[in-house]
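The structure appears below as C-alpha cells.
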Amino acid sequence: MEVAVNEKVSCYHCGQRCEDEVFSLDNKSFCCYGCKTVYEILSENNLCEYYAFDKNPGINLRHVSDETYAYLDENSIRKQLLEFDSETFARVRLYIPNIHCISCIWLLENLQKLQTGVLKSEVNFSGKTVRIDFNPGQVSLSKLARLLASLGYAPRINLKKEDQSISPATQHLVIKLAVAGFAFGNVMLLSFPEYLGLDERDVTLQQLFSWLNIALALPVTFYSGQEYFTNAWKSFKQRQINIDVPIAVGLLALLLRSIYDIATGTGPGYLDSLTGLVFFLLIGRWFQGKTYDSLAFDRDYKSYFPLAVQRWVQNEWRPVVVYELEPQDVIRVRNMEIVPADSILSSEEAYFDYSFVTGESKPVKAVKGAHVYAGGKLVGLPVELVVQKKTAQSQLTSLWNEAAFQKPNESIYRKMVDRAARRFTWIVLLLAIGTGVFWYYYEPAQTWLVLTSVLMVACPCALALAAPFTYGNMLRVFGRHGFYLKNAYVIERMASINALVFDKTGTVTHGASAVTFKGLLSAQEEGWIKLLAATSTHPLSNLIVQHITRKSDAVLTELKEFPGKGVQAVVSGKNVRIGSAAFTGNTGGGEAASRVFVSIDGLARGYFEIETSIRPEAKNLVTRLGSIVKAMVSGDQPVELGRMRTVFPAPVQLRFNQSPHDKLSFISELQKQNFKVMMIGDGLNDSGALQQSDVGVAVTDDTGVFTPASDGILAGHMLGRLDSFLQLAKKSTTILKTAFIISFCYNAIALSVAMSGFLTPLIAAILMPVSSISVVGFSSLAVNWVAHREFNRG
C-alpha cells in the first residue's frame, strides 16, 4: 500500500474528494483506510462486480470505530435484537438506511462470501432492512454489525422498538413539497405582470422578475424534483428505461427552454408551469402514499390467523386463538404443535424442531427456564410454557412464505405487467418525439408545453398496482372470514381450480355423536389411555380425551407418534399403544364407525368405536360445488362408506385405506389429467398431498397443528363457505381484468388529449397520480362490494 499526497483525486469506492491523504491500491485511489479495506475485501472474494452496477457506489467510512458495536454482544441486547438464537444458528433483522440501489442489494445479499459464519442474507429494499442468518459460534453480532459498517451500511440499532409515525422518507417528501409550493406561489406572483400585460416602459422590471423566477425554479427542479432525475440516471446506467425518464426529460426541457427564452429575450418561459408541475407531482406522490397506507392489505396487523393453542384459564385448559395471547399467559403445547410466541419453558425438558425457522430438522433440547422461539414444533410430551411477548403474526407469516415452502407456479398477471411496463416507457417516449416534431411545424409556440404534457400524463403505475391491490384486498376479506392464505397469489391459483379433493376425519367429520369402548380396560388403564391420547392432536384422540373421565397422575416416557398409524408411550412401565388395528395388533371390529384400537404390552385390549359427526354444512356444500368435487380420501377402513355416500353423490370417488403417500399420488394423477386441484385436509396425515396440490387448505378446529405445506388455513366453522371463497377468487380475476381495462383506457384517452394540445402540463401532473388512485380505489371498492354480496346472500 502507498500513501500519496493529495492531488484532488476522488475515492474509487465512495467518490468523495480525498482531503488529507490518498490511500492507493491496484492503481486506484481511496480517501480513507476504511474505503480501501472494503475494496480489499471485495477484491479478495472476487466481488468487484459491485463497482459495475454503479460508479462509486460505496459510502465514506472515515469515522467507523472498531468498538462502536461491542455492546451488541451483551446477552440482554442480543435477546432484544435476535429473532432466533441457538449455538449454531441465529437470525437478526437490521435496519440499513443507506440501502439505495441495486449495487447495495447485490452486495448485502452476498455477505456469506465476505464473512465466514454468515449463512444467508436477504434484503427488503422498500423497508431498507436486511435479514441475516448466521452461526454465532463463528461470527459475533458485533462483528457482523462492524462488517456492515465497514461496507458502508452501518445498521441503525433501535432497542426501544417504538413506531415512528412519520418515516424519514415522508419527512423529506414534505420538505421538498414545501420548497416546491413556496417557489410555485412566488413564481405565480412574479408572473402576474406578464399575465396582466405590461407596456414597453416596464421591460426592465419584467426581466428582473424573469430572472428571479429562474432563481426560484432551480431548487424546485434539482432539489424537489431530484428523485426523478436520480431514478432516470440509474435506469440509464442499468440500460433500462423506467417511468421517471419521461418526467425527468419533460422537467429538463421546460427549464432549459425557459432559460433560453429569458436569456435571449424571446419570451417569459414556462417557469410557472415547471414549478407547478413539480408541486402537483409531489402532491400526487404524497397523496398516493396516504391512500395506499389507508388501503393497506397487510394481513399481519390484525387479520384472523386460525391457529389455536391451549391456555390455562380459571383452572382449566381452554383453546384460544394465538393472537389473543398476552405476556405471562401459561400455555400448553402438544406433540407436533407450533409454539406461537417466544416463551419460557416451564416443564423440566422438551425437544423442539426448528426446521420451520432454520431449515434444520434435528430436534433441539430445551430445559426448564430456557427461551423457546416462536415457530418451533414440539416433538414429544406436552409441555407448559410462559408467553414472553405477544405473537408476531408477521413472523409466522414470513416463516410460512420461506422459499422452501413455495410452489413453482408463477403469477400470470405479474409476468404480463412486467412485460407491459418495460415497453410502456419506450412507447411514451416515441409518441412524445412524434408529437414534438408535429407541433414544431404546426404551432412552434406550443411545442414544449404539449411535449411536456405527453411525457407527464402517461403512467403505467395503475397497471402495476392493479394486481397487488385487488388480490391484497381480497386477502384481507378472506382473513376477516376465517380463511388465512399464505400470500395474495394463492387467490390467483384458486380462481383456476376445477377439481376438489376432501379428506374425511377432521374435515368432513368433526366431533362425535357417540364414543364407546369394546374390550377390557381397568380404571387405571383408562387413565393411561386418556393421558396418552391427550398428547396427540388427531381429531379422534381429542374425542377419546373428552369421553374418558378417569384421570391419571402417571408419567409418560418415550412418547412417539407415527403419522397415519398411531401413538405409543411407556406408562408406569407398560408399553401402551393407540391407533390403527395393524399398529396395535388388533383384528376384527364392527361395521358402523371409526375405531381407535388399544394395546398394552403388545396385547390387544379392544377398541373405541367412534360415531363421528358429519359437519352439518358438508352435504349442502358438496351439492353447491357440483361436479368439481372429484373425491373423498381417508386413511380409515371403509366402514363409513354408506354415511359418506349420503354426503358425496355417486360420481365422486370414495377412497379408503389411503396412506399419506397414496393421497399424494392421487392428487398427482389428477394433475396429469390437466386438473387444477385443491386439497382440503386437516394437515395431520396429508401434508404431502397439500404440498402437491395446486392449492392446499388445512382445516383447523382449536388446534395448534400447522403445516407449512399448506397454502391456506381455514377455520372449521367456515368450511361451509368454501364455495363462496372460490367464487370470490374468480371474481377477483374479473375485477383485476376490469382494472387493467380502466388503466389502458385512461392512458389511451389521456395521451390522445395531450397529443392534441388540449392538456396543460399542470393538469397532466394532477391526472397522473389520480389515475393510479382511481384504479386502486376501484379495486378496493369492488372487492369489498362483491365480498359483501357473497357473504350476505341467502
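Quick look at the numbers
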item	result
Exposure of K113 as accessible area (Å², to 10), given a probe of 1.4 Å and all protein chains	100 Å²
Rg over Rh, two decimals, the range 526-664 (C-alpha only, Kirkwood Rh)	1.03
Candidate residues S665, S343, S10: accessible-area rank, largest first, probe 1.4 Å	S10, S665, S343
Ranking by accessible area, most exposed first, for R643, R318 with a 1.4 Å probe	R318, R643
With DNA, RNA and ligands ignored, accessible area of M188 (1.4 Å probe; Å², nearest 10)	70 Å²
Scattering curve values for the range 616-731, log₁₀ I(q)/I(0), Debye with Cα scatterers, q = 0.11, 0.16, 0.17, 0.19 Å⁻¹	-0.35, -0.78, -0.90, -1.16
Share, in percent, of DSSP beta bridges within the range 587-674 that are antiparallel, nearest 5	70 percent
Vicinal HN-Hα couplings computed from phi for the range 601-610 (Karplus, 6.51 cos²θ - 1.76 cosθ + 1.60; Hz; Gly/Pro x)	6, x, 9, 5, 10, x, 8, 8, 9, 10
With DNA, RNA and ligands ignored, accessible area of H661 (1.4 Å probe; Å², nearest 10)	130 Å²
Net charge, D662 excluded, C-beta distance under 11 Å - Lys, Arg +1, Asp, Glu -1	0
Pairs of alpha carbons in the range 530-574 whose separation is greater than 12 Å (percent)	61 percent
Listed residues I77, I157 arranged by accessible area, highest first, probe 1.4 Å	I157, I77
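The values are calculated or read from the model by the stated rules, or taken from the named source; none is laboratory data. The model shown is predicted, which means the values in this text are computed figures rather than measured ones. Neighbour counts run over all protein chains shown; Cβ positions are idealised from the backbone, glycine included. Please note that ligands, DNA and RNA were not included when accessible areas were found on the heavy atoms of the full protein model with its side chains. Shrake-Rupley method; radii C 1.70, N 1.55, O 1.52, S 1.80 Å.
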